[in-house]
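Visitor: The structure is given below, and queries will be raised subsequently.
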């Protein structure tokens with residue numbers, strides 16, 4: 001069973017897809033079987049970063065049932081350490097706006113892919129598709145930039161993701177679930193208060209759903225005059241969302257990234273000694289340790305279930 005890692009951000013332009021493609025490449029280089037899935041519905045383009053301009057199949061073929069097995073859509077990039085690429089969709093209105101049943105079918109199929117790590121690029125924004133893809137993972141990574149507007153969008157994304165996670169603590173179809181599903185919330189406190197008013201003890205269920213939600217933070221496009229006050233951000237997220245935000249590292253603003261994109265290669269392949277490539281290498285190594293820790297914790301649980 002693969003470890004699923006999702007990468008999300010509050011807005012476009014944070015370099016999320018660039019970070020995702022480089023981390024996928026570096027994890028594959030370390031000997032892991034990695035599949036990078038582009039789930040940016042309506043704007044999938046991560047395959048371009050690998051020079052794959054005319055993929056033989058895309059997620060559209062799976063969504064439209066032209067193929068039944070998701071593995072038939074996967075492209076193996078032999079030149080990039082055997083990295084598997086699940087090319088995204090969006091070239092039809094239907095695939096860019098898949099319904100609930102199509103999304104559930106896709107999520108089930110993703111868990112069946114034959115790889116060690118499935119890395120999901122969720123797309124930007126905070127619509128239901130993005131949030132559901134982001135929250136479906138075992139490990140979540142958030143990309144933030146030092147710009148003020150990017151920080152505000154990042155916080156909003158994390159706020160909505162947290163609320164979505166809390167709502168998952170209620171069984172679908174239950175009274176609490178049905179009422180909460182049709183409401184709009186600004187804070188977690190509102191979710192907890194209404195849930196408890198509807199059903200005593202429901203607040204605890206929502207809090208338990210949040211217990212292991214600790215998204216990892218990567219700060220991208222850091223420069224001498226553009227740095228993120230991580231302590232302030234962590235304090236804000238902890239106080240108002242009840243979420244701990246561990247730091248994976250920073251990626252500096254680097255012209256080598258633009259040059260690599262023009263050459264249709266991840267910067268870690270195009271210029272491995274560049275500052276950004278070295279930073280991403282460090283982040284990938286830390287992420288690998290997080291994956292190993294997750295596997296170590298999951299293995300005893302699996303053994304208990306099969307005993």
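The values are calculated or read from the model by the stated rules, or taken from the named source; none is laboratory data. Note that the coordinates shown come from a computational prediction; the quantities given were computed from them, not determined experimentally. Cβ sites come from the backbone with ideal geometry, for glycine too, and all protein chains shown count toward neighbours.
Visitor: So residue 200 clears everything in (1) in a loop (DSSP other than H, G, I, E, B); (2) within 24 Å of residue 246 (Cβ to Cβ) except one condition, right? Which one?
Guide: (2)
Visitor: Any idea which of 5, 80 is closer than 23 Å to residue 291 by Cα and touching a strand residue (DSSP E or B) at 6+ places or on another chain (Cβ under 6 Å)?
Guide: On the way: 80 fails: touching a strand residue (DSSP E or B) at 6+ places or on another chain (Cβ under 6 Å).
None of the other options fit; the residue is 5.
Visitor: I would also like to ask the following. Just for region 1-14: of the residues that are farther than 21 Å from residue 128 by Cα and not in a strand (DSSP E or B), which one is nearest to the chain's Cα centre (by Cα)?
Guide: Step one: filter region 1-14 for residues farther than 21 Å from residue 128 by Cα, giving 1-3.
Narrowing the set further to residues that are not in a strand (DSSP E or B) leaves 1-2.
Details: 1: 18, 2: 15 Å.
Step by step, filter region 1-14, then rank; the result is 2.
Visitor: Here is a follow-up. Can you tell me which residue in region 11-40 is surrounded by the fewest Cβ atoms within 10 Å (Cβ to Cβ), limited to those that are touching a strand residue (DSSP E or B) at 6+ places or on another chain (Cβ under 9 Å) and on the phi > 0 side of the Ramachandran plot?
Guide: 13
Visitor: Still on this structure, please answer the following. Inspect region 205-220 for any residue being without any contact (Cβ under 8 Å) to a residue 24 or more places away in the chain and within 30 Å of residue 177 (Cα to Cα) and give the result as yes or no.
Guide: Residues of region 205-220 without any contact (Cβ under 8 Å) to a residue 24 or more places away in the chain: 211-212.
Now restrict to residues that are within 30 Å of residue 177 (Cα to Cα): 211-212.
Yes, region 205-220 has at least one match.
Visitor: Kindly indicate the residue of region 263-277 that is touching a helix residue (DSSP H, G or I) at 6+ places or on another chain (Cβ under 7 Å) and assigned to a loop (DSSP other than H, G, I, E, B) and also farthest from residue 21 (Cα to Cα) among those meeting that condition. Don't jump to the end; show me each part of the working.
Guide: Filtering region 263-277 for residues touching a helix residue (DSSP H, G or I) at 6+ places or on another chain (Cβ under 7 Å) gives 263-264, 266-271, 274, 276-277.
After this cut, where a residue has to be assigned to a loop (DSSP other than H, G, I, E, B) as well, the list is 263-264, 266, 271, 274.
On the way: 263: 14, 264: 11, 266: 7, 271: 14, 274: 16 Å.
Looking at residues that are touching a helix residue (DSSP H, G or I) at 6+ places or on another chain (Cβ under 7 Å) and assigned to a loop (DSSP other than H, G, I, E, B), I get 274.
Visitor: Something else now. Test residue 31 against the stated conditions and say whether it is under 20 Å from the mean Cα position of the chain (by Cα) and in a loop (DSSP other than H, G, I, E, B). Can you show your working first?
Guide: Numbers: under 20 Å from the mean Cα position of the chain (by Cα): no; in a loop (DSSP other than H, G, I, E, B): yes.
Against the criterion (under 20 Å from the mean Cα position of the chain (by Cα) and in a loop (DSSP other than H, G, I, E, B)), residue 31 does not qualify.
Visitor: Residues of region 256-298 being under 19 Å from residue 46 (Cα atoms) and in contact with a strand residue (DSSP E or B) (Cβ under 7 Å, 6 or more places away or on another chain), which ones? Don't jump to the end; show me each part of the working.
Guide: Filtering region 256-298 for residues under 19 Å from residue 46 (Cα atoms) gives 256-271, 276-277, 280, 284.
Hits for region 256-298 are 276, 280.
Visitor: In addition: Do the conditions hold for residue 171, that is, is it more than 21 Å from residue 10 (Cα to Cα), at pLDDT below 80 and not in a helix (DSSP H, G or I)? Working first, answer last.
Guide: Details: more than 21 Å from residue 10 (Cα to Cα): yes; at pLDDT below 80: yes; not in a helix (DSSP H, G or I): yes.
Against the criterion (more than 21 Å from residue 10 (Cα to Cα), at pLDDT below 80 and not in a helix (DSSP H, G or I)), residue 171 qualifies.
Visitor: Taking interchain pairs and intrachain pairs at least six residues apart, which have beta carbon atoms under 6 angstrom, with the first residue in region 131-156 and under 14 Å from residue 121 (Cα atoms) and the second modelled with pLDDT under 85?
Guide: 131/164; 135/164; 135/165
Visitor: Just one of 236, 280 is more than 19 Å from the chain's Cα centre (by Cα) and assigned to a helix (DSSP H, G or I); which is it?
Guide: Details: 280 fails: more than 19 Å from the chain's Cα centre (by Cα).
Answer to the check: 236.
Visitor: Restricting region 239-262 to residues that are free of Cβ contacts under 8 Å to residues at least 60 places away in the same chain and part of a loop (DSSP other than H, G, I, E, B), which is surrounded by the most Cβ atoms within 10 Å (Cβ to Cβ)?
Guide: It comes out as 254.
Visitor: Quick check on residue 124: is it modelled with pLDDT of 80 or more and in contact with a helix residue (DSSP H, G or I) (Cβ under 8 Å, 6 or more places away or on another chain)?
Guide: Working: modelled with pLDDT of 80 or more: no; in contact with a helix residue (DSSP H, G or I) (Cβ under 8 Å, 6 or more places away or on another chain): yes.
So residue 124 does not fit the description; no.
Visitor: Go through region 133-156 and report how many residues are modelled with pLDDT under 90 and part of a helix (DSSP H, G or I).
Guide: 9
Visitor: Of the residues 214, 178, which is closer than 22 Å to residue 294 by Cα and surrounded by fewer than 16 Cβ atoms within 10 Å (Cβ to Cβ)? Steps first, please.
Guide: Values: 178 fails: closer than 22 Å to residue 294 by Cα.
It is 214.
Visitor: Just for region 190-211: of the residues that are loosely packed, with under 14 Cβ neighbours inside 10 Å and closer than 29 Å to residue 11 by Cα, which one is farthest from the chain's Cα centre (by Cα)?
Guide: As a first pass, look at region 190-211 and keep what is loosely packed, with under 14 Cβ neighbours inside 10 Å: 193, 197, 200-201, 204, 208, 211.
With the extra rule that they be closer than 29 Å to residue 11 by Cα, the set shrinks to 208, 211.
Numbers: 208: 21, 211: 19 Å.
Checked region 190-211; the qualifying residue farthest from the chain's Cα centre (by Cα) is 208.
Visitor: Where the second residue is modelled with pLDDT under 65 and surrounded by fewer than 10 Cβ atoms within 10 Å (Cβ to Cβ) and the first is at negative phi and in a helix (DSSP H, G or I) and lies in region 290-305, which pairs have Cβ atoms under 7 Å and are six or more apart or on separate chains?
Guide: Here the result reads none, with nothing in region 290-305 linked to a residue that is modelled with pLDDT under 65 and surrounded by fewer than 10 Cβ atoms within 10 Å (Cβ to Cβ).
Visitor: Also, I was wondering about something else. Which one of 43, 112, 8 is surrounded by fewer than 19 Cβ atoms within 10 Å (Cβ to Cβ) and closer than 19 Å to residue 143 by Cβ?
Guide: Numbers: 112 fails: closer than 19 Å to residue 143 by Cβ; 8 fails: surrounded by fewer than 19 Cβ atoms within 10 Å (Cβ to Cβ).
Answer to the check: 43.
Visitor: Please work out which one of (1) modelled with pLDDT of 95 or more; (2) within 17 Å of the chain's Cα centre (by Cα); (3) loosely packed, with under 14 Cβ neighbours inside 10 Å is the condition residue 86 fails and give its number.
Guide: Among (1) modelled with pLDDT of 95 or more; (2) within 17 Å of the chain's Cα centre (by Cα); (3) loosely packed, with under 14 Cβ neighbours inside 10 Å, residue 86 violates only (3).
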